[in-house]
Amino acid sequence: ASVREAVVTAGFAFPMGYLYAGRLPSRLGESAGALGAAMGLIRCSNGLLQLSMMEDRQWHSLVQALGSPEWTTDERFENNVSRGKNWDIMQGHIEAWTQDKTKEEVARLIQAHRVPAMPVNSAADILASEHLRARGYLAELSHPQAGTARYPGPPYRLTATPAGLRRPAPMLGQHTREVLTELG
């Protein structure tokens, strides 16, 4: 099973609002430095990236990923506590580096240095993801009244009993006769 499909399905109210109504929810915000470490949202050319550095090792790895710029030797970034207290300053320096990069490319680069970083995805990003597309998660079905619509598929793949969407939601009363006949 795909973790992404399971998470999308479990929280489908979030992407569902976008899928059917084009409505994007608002962001809740961030809590940079709340745990005494440098963490928070970083602006990239196409959106936000969550970056977390809970350990000195992660800070040193980030410095390496950034190409060891001079600002990283500033005494305000000497340890976790000082980095957390000075997150706003550090965030500005990092964003100067990320401003012309996508959140996906920054995440790949930083993750390659073993620093926790993940793109903050909107419902549109999630539903357009290459991962869900490759897994065939969204199915297009034709409905007699609603026309063609995309539906979420099952968040799991079972070898012996494969699941999938074969038909759209029924019309009101469409199966009443069948069900009542079967019940006698």
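Around CYS44, with a cut-off of 9 angstrom between Cβ atoms, what is the net charge of the other residues, counting Lys and Arg +1 and Asp and Glu -1?
Details: positive: ARG43, LYS101, LYS103; negative: GLU95, ASP100, GLU104, GLU105.
With Lys, Arg at +1 and Asp, Glu at -1, the net is -1.
Run the quick spin-label model on TRP97 and GLU70: label points 7 Å from Cα toward the beta carbon, then report their separation in nm to one decimal.
Label at TRP97, label at GLU70, 1.6 nm between them.
Placing +1 on the Cβ of each Lys and Arg and -1 on the Cβ of each Asp and Glu in the range 37-184, which of ASN79, MET54, LEU127 has its Cα farthest towards the positive end of the resulting dipole?
LEU127
What is the pair-distance distribution P(r) of the range 40-184, computed from all Cα-Cα distances in 10 Å bins starting at 0, with each bin given as a whole percent?
Values per bin, smallest distances first: 10, 28, 20, 15, 12, 10, 5, 1, 0.
Could you grab the relative contact order for the range 39-100? Cα pairs under 8 Å, six or more apart, rounded to a whole percent. Can you show the working numbers first?
Numbers: 49 pairs, mean separation 25.3, N = 62.
It comes to 41 percent, rounded to a whole number.
Evaluate the distance, in nm, between pseudo-label points positioned 7 Å from the Cα of ALA169 and of LEU141 along their respective Cα→Cβ axes.
1.0
Using the Cβ atoms and a cut-off under 13 Å, what net charge is assigned to the surroundings of GLN111, where Lys and Arg are +1 and Asp and Glu are -1? Before the final figure, lay out each step's value.
Numbers: positive: LYS103, ARG108, ARG114; negative: GLU104, GLU105.
My count for the surroundings of GLN111 gives +1.
Return P(r) of the range 43-113 (all Cα-Cα pairs; 5 Å bins starting at 0; whole %; ordered from short to long distances).
3, 17, 29, 29, 16, 5, 0
About the Cα centre of the range 74-154, what is the dipole size in debye to 20, counting +1 per Lys and Arg Cβ and -1 per Asp and Glu Cβ, all else neutral?
Working: 10 positive and 11 negative charges, 65 e Å.
Computed about the Cα centre, the dipole is about 320 debye.
Computed from the coordinates by the stated procedures, all read-outs in this text should not be read as laboratory data. Predicted model only: the values in this text are computed from it and were never measured. Because the Cβ atoms are built from the backbone with ideal geometry, glycine has one as well, and the counts that use them run over all protein chains shown.
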